[in-house]
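A.B. asks: Sharing a structure with you now.
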Amino acid sequence: GQQVMQIPQYQHVQEGEDFTTYCNSSTTLSNIQWYKQRPGGHPVFLIQLVKSGEVKKQKRLTFQFGEAKKNSSLHITATQTTDVGTYFCAPGSGNTGKLIFGQGTTLQVKP
Amino acid sequence: DVKVTQSSRYLVKRTGEKVFLECVQDMDHENMFWYRQDPGLGLRLIYFSYDVKMKEKGDIPEGYSVSREKKERFSLILESASTNQTSMYLCASSFMASGGWRDTQYFGPGTRLTVL
């Protein structure tokens, strides 16, 4: 079935450094969502990308959808300790409401 | 605010027991989902329901069944619990998809199940 590869699996950064996680698919995606899960919490929706080459920003977070709609990235500028958690990409699957979650990238931020 | 609640935060059961995990949402969502989350494996879909009494297998349905008798409630059943079903179980709900858009999934707090 459809799968996505998310890299890296783990990332440790110093507070103030930038961070990027990548989501790659071998097939063309119709849409992709990003979620954040804080330690001990549940996944919470961040954003959805639908258009080829789309770029969306939320404060220090920048989300991109590739031109070929086979990859996506999340970039955090000047990380803060509040950014700690696991970030998941989740493309839509088929014509239902299903999502396929990547393995996630766990971000640790050292103060 | 959307609310998705799960019957227990922590549960300890013995091998062979029948286990019920319940999920309730208050937003009239058509779709409901059960995932399990294990370290390094992300969220894996167990079962999905897009309407009352309708269900569809996810990626890892073996050893599980589900029930959706009412729109707001989706139950996950482990007929005979085994130690390899020790995991975090997450329920989610969303509106029905339309066109290229997929609606946000709202997650419950999760149930950490330990099978001894």
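The values are calculated or read from the model by the stated rules, or taken from the named source; none is laboratory data. Because the structure is predicted, anything quoted here is derived from the model rather than measured. Cβ placement follows ideal geometry from the backbone for every residue including glycine, while neighbour counts extend to all protein chains displayed. Surface areas here come from the heavy atoms of the whole protein model, side chains and all, with no ligands, DNA or RNA. Shrake-Rupley method; radii C 1.70, N 1.55, O 1.52, S 1.80 Å.
Here is a yes/no grid of residues against (1) in contact (Cβ under 8 Å) with a residue 12 or more places away in the chain; (2) buried (at least 20 other Cβ atoms within 10 Å of the Cβ); (3) farther than 18 Å from residue B:39 by Cα:
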position	(1), (2), (3)
A:24	yes, no, yes
A:28	yes, no, yes
A:38	yes, no, no
A:55	no, no, yes
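A.B. asks: Residue A:102 versus (1) surrounded by 13 or more Cβ atoms within 10 Å (Cβ to Cβ); (2) more than 9 Å from chain B (Cβ to nearest Cβ); (3) at pLDDT below 95: which is the lone unmet condition?
C.D. replies: So residue A:102 meets the others, but not (2).
A.B. asks: I would also like to ask the following. Hey, can you tell me all the residues within the range B:39-54 that are under 19 Å from residue B:103 (Cβ atoms), more than 8 Å from every other protein chain (Cβ to nearest Cβ) and assigned to a strand (DSSP E or B)?
C.D. replies: Residues satisfying the conditions are B:47, B:49, B:51, B:54.
A.B. asks: So residue B:36 ticks every box in (1) within 14 Å of chain A (Cβ to nearest Cβ); (2) assigned to a strand (DSSP E or B); (3) out of contact with any helix residue (DSSP H, G or I) (no Cβ under 9 Å at 6 or more places or on another chain) but one. Which box is left unticked?
C.D. replies: Result: residue B:36 fails condition (3) only.
A.B. asks: Sort out which residues of the range A:48-61 are β-branched (Val, Ile, Thr) and either within 11 Å of residue A:34 (Cα to Cα) or at pLDDT below 95 (or both), and write them in order of number.
C.D. replies: A:50
A.B. asks: Within the range A:57-83, can you find the residues that are open to solvent by 30 Å² or more (accessible area, probe 1.4 Å), assigned to a loop (DSSP other than H, G, I, E, B) and more than 14 Å from chain B (Cβ to nearest Cβ)?
C.D. replies: A:59, A:60, A:67, A:68, A:70, A:77, A:78, A:80
A.B. asks: Look at residue A:48 and say whether it is of a type outside the set (Asp, Glu), open to solvent by 40 Å² or more (accessible area, probe 1.4 Å) and either touching a residue at least 24 places away in the same chain (Cβ under 8 Å) or assigned to a strand (DSSP E or B) (or both).
C.D. replies: no
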